[in-house]
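Engineer: If you scroll down you'll find the structure; I have some questions about it.
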Amino acid sequence: MLVVLTSAVFLIEISIMVAFSLLPPISSWMENLLDAAILATLLFPVLYFWVFRPLIQAIERQKLTEAELLKYRAHLEELVESRTRELQAVKITTDSKLAEKHIRALRGLYATLSHVNSTAKRARNWEELLLGICKGAVEEGKFELAWAGLVGHASHLVNPVCHFGREEGFLENIRISIDDVPEGRGPTGCAIRENRVVYVNDCATDNRVASRREQMLRHGFLSVAALPLRSGKKVIGALQLYSGESGFFDDDHVMLLEDMASEISFALTRFEQYAAHSNVEEERQRALENMQQALKDSIHAIAFALETRDPYTAGHQRQVAKIATAIAREMGLPETVIEGVHFGSLIHDLGKISIPAEILTRPRRLTALEMQMMQTHPQAGYDIIMGIDFPWPVSEMVLQHHERVDGSGYPNGLKGDEFLLESKILAVADVVDAMTSHRPYRAGLGIVRALEEIEHHRGTHYDPLVVDACLRLFREKGFSYTD
Ligand SMILES: [Fe+2]
């Protein structure tokens, strides 16, 4: 357009010049005006090509650039808006997945904690407790593996004591220290050393599990938490929980895991206290049994010594013990009473040790004075053993075995309930054996005569229930006590 216009102006200019050259001369001002017009016409193309055209093109380009910029800006805004919408959608999805994972982890931990509570109440010892917790952590808490380890007594190493889940050789040759060495810098070593819950959320990258990384990844364990196990104030081991998800644990879970550790530790402390108490009780029982055995041995030794000195009553005490024990059992008395009757009978004539041997072995009936001396033997026997703390009323039996229920006995003339049932049993057994056995001054009278004697004095000398039991034994049950 401009080219056409310029060319036209140029042609017009040439025409004017030709016309003026053909016309008559004009005035000077007209000539100057014509020169100026010619000059302007000549300069116009130059000005156009070198000044106006680039200027116009620049302005056009500027207009174009601004339009493009506006357009591009609109496009960018649209893009940003679209991208923002996408990002928001991704963020919502990610947040939702994280929330779901968090809730799943919490659910597992709560289930495990609940199982820990019930197991702690039900378990009878620490082995049952720890195995039950490992089982619950896998079955209820959905962990891949749970294992408990205790610190060795002599070493600083953690020894696995139980596990549940996908172990598959994972614990074989495991070496975990509680010291600050490479084997002790994993969660287990730290949990025990620092007495706190320690977790690792990315086993693939966390250097705290560097020494076990290969085994963990091979078994698919991506997160692990270790809980310290305490007995009293002492950390004795740790419980390990393995998850197949990375980032399974977070700080919100630590409080739950600490609660779990406290619950287990409380139960472990209770077991230790119970075991300590049981040990004390066992020691006490053992000491009591030892003491009772020593007393029994002493009683047998005394009986043997007495019988050695008095051959005519040799065996008498053992025979009396057999009869008296059988009567007590026939009467349905407790075993401890029967035992007391047995040992009291074995040494009931202990006091005869104070009687001169010639009186004991004299082959005739004793004089009144000798009989009087003989009747001191219950008190003499009692005086010998009264300071000994037998678990049975042995000294009273020794003292009372010649008392009679009507008060006609000696040394104190006790009657009725004033003396022990054990002594009344001993009295009947003593008479039965004494009458049945031979004496230096007479032959044995026989069991029939002896039973008639106690039957005759039933309720006067002898306790009726004891006599009835003795008669049943011999007459109805064919009891025999001779060797
Ligand atoms: Fe006696």
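Engineer: Could you grab me the full set of residues in region 443-460 that are in a helix (DSSP H, G or I), in contact (Cβ under 8 Å) with a residue 24 or more places away in the chain and closer than 23 Å to Asp406 by Cβ?
Structural biologist: Hits for region 443-460 are Leu451, Ile454.
Engineer: Report, ordered by the first and then the second residue, all pairs with beta carbons closer than 6 Å, sequence separation of six or more or different chains, a first member in region 158-176 that is β-branched (Val, Ile, Thr), and a second member that is modelled with pLDDT under 90.
Structural biologist: From residues that are β-branched (Val, Ile, Thr), the pairs are Ile176/Glu183.
Engineer: Let me ask something else. So which of Ile355, Ile359 is free of Cβ contacts under 8 Å to residues at least 60 places away in the same chain, surrounded by fewer than 17 Cβ atoms within 10 Å (Cβ to Cβ) and not small (Gly, Ala, Ser)?
Structural biologist: On inspection, the qualifying residue turns out to be Ile359.
Engineer: Follow-up. Would you mind finding the one in Asn290, Asn207 that is loosely packed, with under 15 Cβ neighbours inside 10 Å, under 18 Å from Gly184 (Cα atoms) and over 28 Å from the mean Cα position of the chain (by Cα)? Spell out the reasoning first.
Structural biologist: Numbers: Asn290 fails: under 18 Å from Gly184 (Cα atoms).
Exactly one of Asn290, Asn207 is loosely packed, with under 15 Cβ neighbours inside 10 Å, under 18 Å from Gly184 (Cα atoms) and over 28 Å from the mean Cα position of the chain (by Cα), namely Asn207.
Engineer: Taking the residues in region 319-350 that are hydroxyl-bearing (Ser, Thr, Tyr) and either within 16 Å of the ligand (Cβ to nearest atom) or out of contact with any Ser or Thr (no Cβ under 9 Å at 6 or more places or on another chain) (or both) as candidates, determine which candidate is nearest to Asp433 (Cα to Cα).
Structural biologist: In the first step, residues of region 319-350 are kept if they are hydroxyl-bearing (Ser, Thr, Tyr); the result is 325, 336, 345.
When the remaining residues are screened for being either within 16 Å of the ligand (Cβ to nearest atom) or out of contact with any Ser or Thr (no Cβ under 9 Å at 6 or more places or on another chain) (or both), the result is 336, 345.
Details: Thr336: 23, Ser345: 12 Å.
Among those that are hydroxyl-bearing (Ser, Thr, Tyr) and either within 16 Å of the ligand (Cβ to nearest atom) or out of contact with any Ser or Thr (no Cβ under 9 Å at 6 or more places or on another chain) (or both), it is Ser345.
Engineer: Right, another one. Answer with yes or no whether Ser21 is under 30 Å from Glu258 (Cβ atoms), modelled with pLDDT under 75 and among the polar types (S, T, N, Q).
Structural biologist: It is false that Ser21 is under 30 Å from Glu258 (Cβ atoms), modelled with pLDDT under 75 and among the polar types (S, T, N, Q).
Engineer: So if I check each of Lys424, Lys415, which one is among the basic types (Lys, Arg), modelled with pLDDT of 95 or more and over 26 Å from Glu289 (Cβ atoms)?
Structural biologist: Lys424
Engineer: Out of all the residues in region 299-313, is one or more touching a helix residue (DSSP H, G or I) at 6+ places or on another chain (Cβ under 8 Å), under 20 Å from Val467 (Cα atoms) and within 16 Å of the ligand (Cβ to nearest atom)?
Structural biologist: no
Engineer: Any residue in region 368-383 that is aromatic (Phe, Trp, Tyr) sitting within a Cβ distance under 8 Å of a residue that is assigned to a helix (DSSP H, G or I) and within 12 Å of the ligand (Cβ to nearest atom)? List the pairs, counting only those 6 or more apart or interchain.
Structural biologist: Tyr382/Gly351; Tyr382/Val398; Tyr382/Leu399
Engineer: Could you go through region 427-440 and let me know if any residue there is in contact with a Ser or Thr (Cβ under 7 Å, 6 or more places away or on another chain) and outside any helix (DSSP H, G or I).
Structural biologist: Yes, some residue in region 427-440 is in contact with a Ser or Thr (Cβ under 7 Å, 6 or more places away or on another chain) and outside any helix (DSSP H, G or I).
Engineer: If I filter region 334-351 down to residues being touching a residue at least 60 places away in the same chain (Cβ under 8 Å) and aliphatic (A, V, I, L, M), which single residue comes out as nearest to Leu473 (Cα to Cα)?
Structural biologist: Here the answer is Val341.
Engineer: Right, next: Given the condition within 14 Å of the ligand (Cβ to nearest atom) and in contact with a strand residue (DSSP E or B) (Cβ under 6 Å, 6 or more places away or on another chain), answer yes or no: does some residue in region 399-407 qualify?
Structural biologist: Looking only at region 399-407, we keep the residues that are within 14 Å of the ligand (Cβ to nearest atom), and these are 399-404.
Next, only the ones that are in contact with a strand residue (DSSP E or B) (Cβ under 6 Å, 6 or more places away or on another chain) stay: none.
Taking every residue of region 399-407 in turn, none turns out to be within 14 Å of the ligand (Cβ to nearest atom) and in contact with a strand residue (DSSP E or B) (Cβ under 6 Å, 6 or more places away or on another chain).
Engineer: Would you check which residues across region 408-435 are more than 60 Å from the chain's Cα centre (by Cα) and among the β-branched types (Val, Ile, Thr) and list them?
Structural biologist: Val431, Val432
Engineer: Could I ask something else about it? Only one residue in Ala434, Ala380, Ala368 is within 14 Å of the ligand (Cβ to nearest atom), hydrophobic (A, V, I, L, M, F, W, C) and more than 24 Å from Val337 (Cβ to Cβ), so which one is that?
Structural biologist: Checking each option against the conditions leaves just Ala380.
Engineer: Can you list residue pairs whose Cβ atoms sit under 8 Å apart, with the first residue in region 414-426 being free of Cβ contacts under 8 Å to residues at least 24 places away in the same chain and the second being part of a helix (DSSP H, G or I) and surrounded by 14 or more Cβ atoms within 10 Å (Cβ to Cβ)? Count only pairs 6 or more apart in sequence or on different chains.
Structural biologist: Close Cβ pairs satisfying both conditions: Leu414/Gln400; Phe419/Glu396; Phe419/Gln400.
Engineer: Within region 408-428, how many residues turn out to be within 16 Å of the ligand (Cβ to nearest atom) and closer than 18 Å to Glu330 by Cβ?
Structural biologist: Looking only at that region, the number is 8.
Engineer: If you don't mind, there's one more thing I want to ask. Could you list, in sequence order, all residues of region 413-426 that are assigned to a helix (DSSP H, G or I) and touching a Gly at 6+ places or on another chain (Cβ under 7 Å)?
Structural biologist: Keep residues of region 413-426 that are assigned to a helix (DSSP H, G or I), which gives 416-418, 421-426.
Selection gives Glu422, Leu426.
Engineer: Does Asp389 fit the bill of being under 60 Å from the mean Cα position of the chain (by Cα), away from the ligand (no atom under 14 Å from the Cβ) and over 20 Å from Asp463 (Cβ atoms)? I'd like the intermediate steps shown before the answer.
Structural biologist: Values: under 60 Å from the mean Cα position of the chain (by Cα): yes; away from the ligand (no atom under 14 Å from the Cβ): yes; over 20 Å from Asp463 (Cβ atoms): yes.
Spelling it out, Asp389 is indeed under 60 Å from the mean Cα position of the chain (by Cα), away from the ligand (no atom under 14 Å from the Cβ) and over 20 Å from Asp463 (Cβ atoms).
The values are calculated or read from the model by the stated rules, or taken from the named source; none is laboratory data. The structure displayed is predicted, hence computed values, not measured ones. So basically every Cβ, Gly included, is an ideal-geometry build from the backbone, and we count neighbours across all protein chains shown.
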